[in-house]
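The values are calculated or read from the model by the stated rules, or taken from the named source; none is laboratory data. Since we're looking at a predicted model, the values are computed, not measured. Using ideal geometry, Cβ is built from the backbone for each residue, glycine included, and neighbour counts are taken over all protein chains shown. Heavy atoms of the whole protein, side chains included, go into the accessibility calculation; ligands, DNA and RNA do not. Shrake-Rupley method; radii C 1.70, N 1.55, O 1.52, S 1.80 Å.
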Amino acid sequence: MPALELPEDFLPARRRSYVSIRMPPQNVEEPPVPSRRRSSVGRLHDENMILSAATLELPASTEDLIKEDEKSTGDEPDLSKSPTTDSNQKRTPLPKKQMAVVCLVTFVEPLQFGVLFPFVYFMVEGYFPTLSHAALGSYVGVITSAFCVAQLVTAIPWGYASDRVGRKPVLLIGLTGNAIFMTLFGAAGKYWEALLFRCVCGALNGNVGVAKSVIGEITDDTNRALAFSFWETAFGLGAIVGPMIGGLLADPTHSLGFVFGNSRFLAANPYFLPCAACAFFSVIGIFLTLFGYKETLNTLPQKPPPVTATSTETIDASPVAHPALIHRGSIISIDELPSPRTSFRALMTSKILLPATAYGLWALIQVLFDETLAIYAVSPRGPAQHGLELTSRVLGLVLAATGVLQVFAQVVLYPPSERRVGVLGCLKGACLGMAVFVVGAGCVGQMVDGAAATASVLGVMLVGRTIAIVFGYISIMIMINNSAPTPAMLGTVHGIGQMACSAARAIGPAFAGVLWTKTAGGDLPFPVDYHLPFLLMSLLAMGCGLVAAQLTRIAT
């Protein structure tokens, strides 16, 4: 059978391959060539293939052909080294309009998730004014977790839908639904209405996985790390801006009485304004997607177009060919080109499930740490108390400083580190750093005394933890993207990863609160005292490192 061989001097930045076609003499009956692994080069799209000048070689015999084919077959590339480690390789410019849409869509999701944190307790208290504080906590927990639970259920279906109908329709549905139901949530007059609107908002918010699929389709090996760094920056900014909007705009007739003091509508709906502000960003995203986003999903042919070459030709991948599927050293045969559709069961492999598991573990570590730190840092300090006794103002300043560092690590530190040590190298370093710094944060109270020294040492631990969380998230997302067997399944694969992340975000807050209450509430011996939550996070980080060790053979 004819075979395609991609030479080692292939330049992915130019998205052009020079392919040698070897065909046996015509009218000669030959035994079937032994099947080889299907490489990612076979996923090139028919509309993105152009036939022009390559050499047509006629081997002397079928035996020679088989020997050459077997000789050219190699193992899949090792992800422990990035394909972009050549520092002299020119980075392909990112498409600005597409990346603007991706970043805005990404920004909206954590914005809508976190906007209610400053006022949700008071919102629920308004629905049940006679309930005790302990009883209110349960209702607050339900309405907070509803978003992630609904997202957990719908993450894979939205990814699957985007693989079938395209990224653009799914993005538009998500943004429109978020704008409508976020506004309705702010105007909900009863608890069940608020819970329903919150669930629908989470169910329609499947755009994060789709946005990551778009990045996989518009980038190549030279700029993918930078693109995911921008994605992580947009996500982090949304997580910061959401609570700020919720705190500043909640109950505006009192907090901003000089502007909204006479508004009867806002007096009756004190939490409408922050929700409407979040919906406004979704409306901007709708217009950007409508007029600035070009569909990136392409479908694959059931079989490649026939090669009817009678003289010297080349096969070129056009400038719009799927860059994530063009890799140096890949060998395929023409009849091994995959079907454009892969069954969902075929995705249940270690190459896809291991990165998704790492994503869930990493998200769980982040949620556990954030929830535990919020209690640990401000709790009283003493013989029977195990907190750091920092004021909210001091803790806010420390967190703000690490937030600035997070953006720096995402945009400045990660891309060159990935080019030097590779994706897996960054992930393994992140797991080690996380395991060390979370335990260090739990031991700050034993290291120093005094508010200034405590805040300084805690800041150092948070710096290390912040760099680790950034490197881990970006590395895992790149590996999830690279684990997709075909471009037609990118959305579904990212949906699997998003489902794991949503599960961690749904159960993490409640678990962290219960764990801290049980371990810090009495005089328990080490390690089952208040150190236990931090030790558990360290073990989870090492578990994620073990997952990373199993990912060395995932094809990029």
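Among the listed residues V460, V514, which satisfies the condition of being modelled with pLDDT under 85, open to solvent by 10 Å² or more (accessible area, probe 1.4 Å), on the phi < 0 side of the Ramachandran plot and part of a helix (DSSP H, G or I)? When all the criteria are applied, what remains is V514. Open to solvent by 30 Å² or more (accessible area, probe 1.4 Å), out of contact with any strand residue (DSSP E or B) (no Cβ under 9 Å at 6 or more places or on another chain) and either among the hydrophobic types (A, V, I, L, M, F, W, C) or at pLDDT 90 or above (or both): is that true of A179 in this structure? The answer is no for A179. The numbered conditions (1) closer than 28 Å to S483 by Cβ; (2) of a type in the set (S, T, N, Q); (3) surrounded by fewer than 21 Cβ atoms within 10 Å (Cβ to Cβ) are all true for S138 except (1). When you look at V210, is it buried (at least 19 other Cβ atoms within 10 Å of the Cβ) and hydrophobic (A, V, I, L, M, F, W, C), yes or no? It is true that V210 is buried (at least 19 other Cβ atoms within 10 Å of the Cβ) and hydrophobic (A, V, I, L, M, F, W, C). So in region 420-467, with the set limited to residues that are over 22 Å from the mean Cα position of the chain (by Cα) and polar (S, T, N, Q), which one is farthest from D370 (Cα to Cα)? By that ranking, first place goes to Q446. Within region 346-365, the residues that satisfy the criterion of being within 19 Å of M434 (Cβ to Cβ) and open to solvent by 30 Å² or more (accessible area, probe 1.4 Å) are L354, T357, L361, L364.
Contact map, region 116-142: residues that are farther than 19 Å from L248 by Cα paired with residues that are outside any helix (DSSP H, G or I) and open to solvent by 70 Å² or more (accessible area, probe 1.4 Å), Cβ distance under 8 Å, separation 6+ or inter-chain. Pairs shown: Y127/K190.
Going through (1) free of Cβ contacts under 8 Å to residues at least 60 places away in the same chain; (2) farther than 30 Å from A188 by Cα one by one, D220 falls short only on (1). Whether any residue in region 313-334 is of a type outside the set (G, A, S), open to solvent by 40 Å² or more (accessible area, probe 1.4 Å) and at pLDDT 75 or above is what I want to check. No, region 313-334 contains no residue that is of a type outside the set (G, A, S), open to solvent by 40 Å² or more (accessible area, probe 1.4 Å) and at pLDDT 75 or above. Looking only at region 192-233, residues that are assigned to a loop (DSSP other than H, G, I, E, B) and of a type in the set (A, V, I, L, M, F, W, C) come to 1 in all.
Among the listed residues M537, M542, identify the single one that is open to solvent by 70 Å² or more (accessible area, probe 1.4 Å), part of a helix (DSSP H, G or I) and touching a residue at least 40 places away in the same chain (Cβ under 8 Å).
Details: M537 fails: open to solvent by 70 Å² or more (accessible area, probe 1.4 Å).
Checking each option against the conditions leaves just M542.
On the stretch given as region 382-405, residues that are over 15 Å from V460 (Cβ atoms) and of a type in the set (S, T, Y) total 2.
Filtered by the rule that a residue be under 26 Å from W192 (Cα atoms) and without any contact (Cβ under 8 Å) to a residue 40 or more places away in the chain, region 143-173 gives a lone residue, I173.
On the given criteria, is V149 assigned to a helix (DSSP H, G or I), of a type in the set (V, I, T) and either over 28 Å from the mean Cα position of the chain (by Cα) or more than 26 Å from G174 (Cα to Cα) (or both)? In short, no.
Exactly one residue out of L532, L524 is without any contact (Cβ under 8 Å) to a residue 24 or more places away in the chain, out of contact with any Lys or Arg (no Cβ under 8 Å at 6 or more places or on another chain), buried (at least 16 other Cβ atoms within 10 Å of the Cβ) and more than 15 Å from W362 (Cβ to Cβ), and it is L532.
I'd like to check something: does region 234-244 contain any residue that is in a helix (DSSP H, G or I), touching a Phe, Trp or Tyr at 6+ places or on another chain (Cβ under 7 Å) and among the aliphatic types (A, V, I, L, M)? Scanning region 234-244, I find at least one residue that is in a helix (DSSP H, G or I), touching a Phe, Trp or Tyr at 6+ places or on another chain (Cβ under 7 Å) and among the aliphatic types (A, V, I, L, M), so the answer is yes.
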